[in-house]
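The values are calculated or read from the model by the stated rules, or taken from the named source; none is laboratory data. All of these numbers come straight from a predicted model, not from anything done at the bench. For neighbour counting, all protein chains shown are included, and Cβ atoms are generated from backbone atoms with ideal geometry for every residue, glycine included. We work out accessible area using only protein heavy atoms, side chains counted, and drop any ligands, DNA or RNA first. Shrake-Rupley method; radii C 1.70, N 1.55, O 1.52, S 1.80 Å.
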Amino acid sequence: MTGPAQHHVAVIGSGPSGFYTAEALLRSGAPLTVDMFERLPVPYGLVRFGVAPDHPKLKQVATAFDRIAAMPGFRFIGGVTVGDDLTVDELRNAYDAVVLATGAELSRPLGIPGEALPGSHTAGDFVAWYNGHPAFADLRFDLDHEAAIVIGHGNVALDVARILAKTADELRQTDIARHALEILAESRIRRIYVVGRGGPAQAKFTAKELRDFLELGEADTSVDGRDVTPDDFEPQRPDDPELVEKLSLLRAFSQPATTKPRRCVFRFGLSPVAIKGRGRVETISFRHRSETAEDIACGLVFSSVGRKTAPVAGVPYDAHRGVHANVDGRVAIGRTVIDGLYVCGWSKRGPNGTIGTNRGCGIATAEAVLADLADRRPRPDTPDALLARLAGRVTRIVSYPDWTAIDAAEKRRGALLGKPREKFVTIPDMLAAMDA
Amino acid sequence: MTYVVTDNCRGCRYTECVTVCPVECFHVDDTMTYIDPENCIDCGGCAPACPVGAIEPDYRLAADKKFWIDVNRKRATETPVISARLPPLPGADERKVALGR
Ligand SMILES: Cc1cc2nc3c(=O)[nH]c(=O)nc-3n(C[C@H](O)[C@H](O)[C@H](O)COP(=O)(O)OP(=O)(O)OC[C@H]3O[C@@H](n4cnc5c(N)ncnc54)[C@H](O)[C@@H]3O)c2cc1C
Ligand SMILES: NC(=O)c1ccc[n+]([C@@H]2O[C@H](COP(=O)([O-])OP(=O)(O)OC[C@H]3O[C@@H](n4cnc5c(N)ncnc54)[C@H](OP(=O)(O)O)[C@@H]3O)[C@@H](O)[C@H]2O)c1
Ligand code: SF4
Ligand code: SF4
């Protein structure tokens, strides 16, 4: 090859931010290759394991990822956990740049007494379970209770409440994991409280997600009138169509019709103080905005109050923000940048925005990588030598064609059940499918 | 359902919307951008990213703006996709101020 020497970039994580960073690098025209490392044999991160099964249109974003994976110079290296199967320093020795795109895998705790009681769960665990994440498929959820409480007013809280409010028939034709559908089909939950500490205008969820509650087949949605005054539904910014729509939906829910067997009740202005019960969750104590106290009885609680990035050995961590420590995408200790180490997506900015936010974010990180590449000194090791050593350490390195075989097998299994796919939920099953 | 670009975009063309679209739905001509409804996956990311409030979901359009649904559909077939940000058109900042943004 003539022209400038080819550079090699490693991207760690195959969620949206990893793919969009790879795309921006490969489209730049600079002579470089991108190796994308992923812990699991399957790509897409939270698009596969976060996005709700009843939002299939959004999952079509995966076709954009497949197009990126087909770009010349791209390689998928699945089934490899960075920090475990190989170190960040090994990667930095072999690649001119290493970009962490590891997401935000840890659920933030509420930090109140009783959180460890049986029946108390995080939304993160529940979502990963119903979406068939191999590390969560064995979790047990006992839905043999009348009432469940979801704590938090973000879009993830709405996902959890909606999945609990839907009947098995409403979920049967989605890509929900079979083990979850079986448990949800037996659910006795009839009341779901969605509890936030702010008022209607402060809720973080979006109007489009709230509209889904108009369509529930077997559940009525309401707002508890004790928590609100008519003023709470008057938008402070009448020229903000999103806020106007959200408040008008909530206003409509405050005049509820109760005709269906299940109920979803939005509660406002309640901060959780303690989870209580003898041997398992029985009530949650809240403090109201007005300083009064209220206990709500429930057998189950799902806290949905955000996430943080899991630290990776060899990468400085910003405990305050819950991300890999960085200055605008360059990993740094304080203001001192570490050469050749970058970050993008949720592990750079924290868990916010839509899937596409990670595109702008990935483009910005790619620009930082490209700006620095010219000054990188040659690396002592090479990607191919590193991969050869790695092959002896992991069960199997999974390529993109291998994933395509898993994907096809999942779709075939799904077709028999009228589902878009039936996911494999263990790693051995995924690996077996690629050889079938 | 789809998202739709409306008249506020005219003469502005701040292409903030383009970088946040996960599936490259945006098309462009000399005056403004259009969303291809066949590609849009309703992620909703572009609407809050537009600095002049030009983008709305179709169901939320006022009656006198509904015609933009057809305009977007038609123009998306006639104009090229843009996948990266463009420089704003001359006068964009003045127009943003005029729109009170
Ligand atoms: C429950 C839920 C529902 C959501 N629904 C929507 C929605 O409907 N619409 C929307 O626009 N957005 C939604 N989002 C947000 C969206 O999923 C995120 O913005 C996006 O996935 C973040 O991308 P990311 O690449 O930063 O991280 P992730 O998608 O989390 O990807 C991180 C990847 O890194 C891998 N990884 C982590 N550590 C390592 C390691 N050490 N070695 C190798 N690989 C590693 C992980 O396995 C994973 O594949 C949702 C989020 C959640 C939590
Ligand atoms: N369909 C979709 O588009 C979709 C679906 C899922 C997720 N997402 C996106 O993914 C991101 C993450 O979503 P998310 O719901 O996890 O986060 P989020 O939007 O930040 O919501 C977190 C919620 O937790 C509350 N909270 C935080 N700490 C608390 C505490 N100690 N006690 C009580 N409540 C507390 C917050 O309340 P305060 O406001 O009072 O702090 C807020 O209501 C968001 O950007 C979201 O839009 C999008
Ligand atoms: S950001 Fe808004 S004004 Fe700019 S091009 Fe996009 S739609 Fe038009
Ligand atoms: S809603 Fe999402 S997919 Fe549709 S045009 Fe906007 S950013 Fe693109």
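Taking every DSSP bridge with both residues inside the range A:109-305, close to 35 percent are antiparallel. Between 0 and 90 degrees, the angle of helix A:357-373 with respect to the longest Cα principal axis of chain A falls at about 20 degrees. Using C-alpha pairs below 8 Å separated by at least 6 residues, the relative contact order for the range B:3-87 is 44 percent. Taken residue by residue and averaged, Cβ atoms of other chains lying within 10 Å of the Cβ of A:197-210 number 1. Neighbours of A:H153, meaning other residues whose beta-carbon lies under 9 angstrom from its beta-carbon, give a summed charge of +2 when Lys and Arg score +1 and Asp and Glu score -1.
Across the range B:3-87, Cα-Cα distances exceeding 17 Å account for 36% of all pairs. A:D144 sits with roughly 90 Å² accessible to a 1.4 Å probe, with DNA, RNA and ligands left out of the calculation. Taking A:T404, A:T167, A:T21 in turn, the Gaussian network model of chain A (Cα-Cα springs below 10 Å) assigns the largest fluctuation to A:T404. With only Cα atoms counted, the range A:367-436 has Rg and Dmax values of 18.6, 55 Å. A DSSP coil position with no more than 16 other Cβ atoms inside 10 Å describes the following GluC sites (Glu not before Pro) in the range A:181-231: A:E186, A:E215, A:E218. Once the partner protein chains are put back, the range A:55-78 shows a loss of at least 10 square angstrom of accessible area, versus the chain by itself, at A:K57, A:L58, A:Q60, A:V61, A:A64, A:R67 (probe 1.4 Å, ligands and nucleic acids excluded). Build a GNM of chain A with springs between Cα atoms under 10 Å apart, and of A:I355, A:I296, A:I189 the one that fluctuates most is A:I296.
Could you check how many percent of all C-alpha pairs in the range A:1-64 are farther apart than 18 Å? Can you show the working numbers first?
Numbers: 914 of 2016 pairs.
So the portion of pairs separated by more than 18 Å is 45 percent.
Using a 1.4 Å probe on the protein chains only, how many percent of the accessible area of the protein assembly as shown belongs to carbon and sulfur? C and S fraction of accessible area: 53 percent.
Could you tell me the relative contact order of chain A? Use alpha-carbon pairs under 8 Å, at least six residues apart, and round to a whole percent.
Working: 890 pairs, mean separation 100.4, N = 436.
This gives 23 percent for chain A.
From its DSSP helices (H runs of at least four residues, each -39,500 (n - 2.57)), chain A gives a residue-normalised ellipticity at 222 nm of -9000 deg cm²/dmol.
Interface B/A, total buried accessible area with a 1.4 Å probe, nearest 100 Å²? Working shown, then result.
Details: alone 5410 and 19330 Å², together 23120 Å².
About 1600 Å² of accessible surface is lost on pairing.
For the range A:224-275 and the range A:293-311, what is the separation of their Cα centres, given in Å? With the range A:224-275 and the range A:293-311 each reduced to a Cα centre, they are spaced 20 Å. Once you divide the Cα radius of gyration of the range A:1-144 by 2.2 N^0.38 Å, the number left is 1.26. Run through all the Cα pairs of the range A:109-305 and give the fraction in each 5 Å bin from 0, expressed as whole percent. The distribution over the range A:109-305 is 1, 8, 16, 20, 21, 16, 11, 5, 2, 0, 0, given as percents.
What is the average number of partner chain Cβ atoms found within 10 Å of a Cβ in B:39-46?
On the way: counts 3, 2, 11, 5, 10, 9, 8, 2.
That average works out to 6.
Considering all C-alpha pairs of chain A, those separated by over 34 Å amount to 37%.
DSSP beta bridges confined to the protein assembly as shown are antiparallel in about 40 percent of cases.
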